[in-house]
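What follows draws every value from the coordinates through simple rules; no lab data is involved. Keep in mind that what you see is a predicted model, and the values were worked out from it rather than measured. Cβ: placed from backbone, ideal geometry, glycine included. Neighbour counts: every protein chain shown.
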Amino acid sequence: MGMRTLYQPKCFQPELVQICGKATGAAGTTFTSKVAPGIASVVDGTSGVITVTLEDKWDTLMFASAQVIDANSPDDWEVVLTAEDVAGAKTLTFTAFKGGAATSLSTDEKLMLNILVRNTARAR
C-alpha cells in the first residue's frame with residue numbers, strides 16, 4: 001500500500017487517498033509533463049487507449065475520472081474508464097473518444113486525472 005505522508009479529508013470511508021494529475025498528450029507514446037505525485041506514468045497506446053500506472057498498489061479503486069483540455073474542440077471529448085487493477089498491476093485504463101471515435105491525444109491536448117483509492121481493506 002502507499003507509504004507516504006497523507007492528509008485525510010473528512011469523509012465516511014476510512015483511508016481514502018485522492019490522486020490528481022495532469023499530462024500533456026503524446027500522440028501514441030508516453031505522455032509528457034506529468035504533474036502528479038502518486039502517478040508513475042501515463043502511456044497513450046493505440047486508438048485512444050490510455051494506461052495510467054500508479055506508483056503504489058492500493059486496496060480498492062473508489063472513483064476515477066478523466067477529462068481532456070482542448071482549446072480547439074472542447075465539447076467533442078469523452079474519456080471512459082475501461083479497466084482497473086490498482087491492487088495488482090497498479091493500472092487504470094481509459095479510452096478517449098473525440099466526436100464518438102476512439103482517438104489518441106495530440107501534443108496540443110492535456111489529460112486531467114482525478115483518482116480516489118482506499119489504502120486498506122480494514123473495516124472500521
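Using the Cβ atoms and a cut-off under 12 Å, what net charge is assigned to the surroundings of residue 87, where Lys and Arg are +1 and Asp and Glu are -1?
Values: positive: 57, 90, 118; negative: 56, 59, 84, 85.
Value of the local net charge: -1.
For an R0 of 25 angstrom, estimate the FRET efficiency from the Cβ-Cβ distance between residue 87 and residue 12 and round to the nearest 0.05.
Values: r = 22 Å, r/R0 = 0.86.
After rounding to 0.05, the efficiency reads 0.70.
Which number do you get for Rg(Cα) / (2.2 N^0.38 Å) in segment 16-118?
On the way: Rg = 12.7 Å, N = 103, 2.2 N^0.38 = 12.8 Å.
Dividing the Cα radius of gyration by 2.2 N^0.38 Å gives 0.99.
For residue 69 and residue 101 in one chain, what is 0.36 nm times their gap in residues minus the Cα-Cα distance, to one decimal in nm? Walk me through the numbers before you get to the answer.
Values: separation 32, 0.36 × 32 = 11.52 nm, distance 1.70 nm.
Here the answer is 9.8 nm.
If each residue of separation counts as 0.36 nm, what is the full-extension length gain between residue 57 and residue 120 once their alpha-carbon separation is subtracted?
On the way: separation 63, 0.36 × 63 = 22.68 nm, distance 1.05 nm.
Full-extension gain reported as 21.6 nm.
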